[in-house]
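The values are calculated or read from the model by the stated rules, or taken from the named source; none is laboratory data. These figures come from a predicted structure and were not determined experimentally. Please note: Cβ atoms are built from the backbone with ideal geometry, for glycine as well, and neighbour counts cover all protein chains shown. Each accessible area value is taken on the protein alone, full model and side chains, heavy atoms only, with ligands, DNA and RNA left out. Shrake-Rupley method; radii C 1.70, N 1.55, O 1.52, S 1.80 Å.
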Amino acid sequence: MKPSTCLLILIPLLQLVIPGSTQCSLDSVVEKKIKDVLNGLEYNPSAAANKLVCTSITNSGKLSSCPAEMSVTGCACGYACGSWDVRNEKTCHCQCSVVDWTTARCCRLA
């Protein structure tokens with residue numbers, strides 16, 4: 001048997017005998033770095049405790065407004081009108097020429 005053939009057979013066998021591999025080692029280092037970064041981020045428990053409270057306000061016509069402490073998160077218009085805009089973060093305005101009702105979806109953090 002040629003020496004080069006023996007070497008080709010020994011290399012894969014040595015890789016099986018060596019515990020771990022550089023890829024696993026690299027993975028563990030990257031995982032540790034990611035965990036360290038995530039643990040170092042600021043955590044504000046009071047922000048996580050906030051809940052989103054929402055309600056719908058429906059009025060006849062083209063306008064519907066949210067209460068002072070709430071903001072518009074979406075609008076709906078009667079007669080299948082899909083064209084609307086939000087004015088001053090508080091009021092839904094349906095833009096179609098004929099609209100019988102307008103609903104504003106209003107939310108706030110509680």
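In what sequence, highest mean first, do 63-69, 95-101 appear when ranked by Cβ atoms within 10 angstrom?
So the peptides 63-69, 95-101, ranked by packing, come out 63-69, 95-101.
Per residue of region 84-97, what does 6.51 cos²θ - 1.76 cosθ + 1.60 with θ = phi - 60° give for ³J(HN,Hα)? Whole Hz please, x for Gly and Pro, Karplus curve as stated.
8, 9, 10, 10, 6, 6, 10, 10, 8, 10, 7, 9, 6, 5
What ³J(HN,Hα) values, in whole Hz, does the Karplus curve 6.51 cos²θ - 1.76 cosθ + 1.60 give for region 70-83 when θ = phi - 60°, with x put for Gly and Pro?
Ordered by residue, 3J(HN,Hα) equals 10, 10, 6, 10, x, 9, 9, 10, x, 6, 6, 6, x, 10 Hz.
What spacing in nm lies between the two simple spin-label points modelled at Trp101 and Val30, each 7 Å away from Cα in the Cβ direction?
Simple spin-label model gives 5.5 nm for this pair.
How would Ile57, Ile34 line up by accessible area, probe 1.4 Å, largest first?
Accessible-area ranking of Ile57, Ile34, largest first: Ile34, Ile57.
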